[in-house]
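The values are calculated or read from the model by the stated rules, or taken from the named source; none is laboratory data. Worth saying up front: this structure is predicted, and the values here are computed from it rather than measured. Heads up, the Cβs are rebuilt from the backbone with ideal geometry, glycines too, and the neighbour counts pull from every protein chain shown.
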Amino acid sequence: MQNGKMKKRQNAHCESGQALVELAVSLPVLLLLLFGIMEFGWYFYNQMSIENGSREGARYAIVNNESATLTTDVEILVQNMIKGPGTTVVLVSLIGDDIKVTVNKSVPTLTPIASLFTNAQGGMYSLSAFTQMKIA
């Protein structure tokens, strides 16, 4: 009986660093996965934001097409809709009976790891969206 207790104590002592080794192996993978999910969510949120902004700008233009300052009004509307860090450029073009609203935005990455796996140049994503609608 005494021998059985001694063996259990020796086995427990030999496995004392096992949890630390498992953590050291699995933690980088889990952190990479977590940061990847965060970056994708950030990218997706900003892309949807500029797509909605361009669509709302074009919609505003076709509803209020009698305004003398239409392009400036649309640019201001879209700039106010798209919040957050980064640089936003809004281009409004009148082409015949069509209006085209193009939005370009440079958005910073959340983590430095993102630039290793994505096309983020200098820690910035370059996002773009446009909407073209017919003015009736």
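Quick look at the numbers
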read-out	value
Pick from segment 50-68, criterion out of contact with any strand residue (DSSP E or B) (no Cβ under 8 Å at 6 or more places or on another chain) and either buried (at least 18 other Cβ atoms within 10 Å of the Cβ) or among the aliphatic types (A, V, I, L, M) (or both), ranking: modelled with the lowest pLDDT	A68
Criterion violated by Y125 - all others in (1) under 30 Å from L32 (Cα atoms); (2) in a helix (DSSP H, G or I); (3) of a type in the set (F, W, Y) satisfied	(2)
Test: residue in segment 81-91 that is assigned to a helix (DSSP H, G or I) and hydrophobic (A, V, I, L, M, F, W, C)	yes
Hey, S115 of a type in the set (S, T, N, Q), outside any helix (DSSP H, G or I) and either surrounded by 13 or more Cβ atoms within 10 Å (Cβ to Cβ) or free of Cβ contacts under 8 Å to residues at least 24 places away in the same chain (or both) or not	no
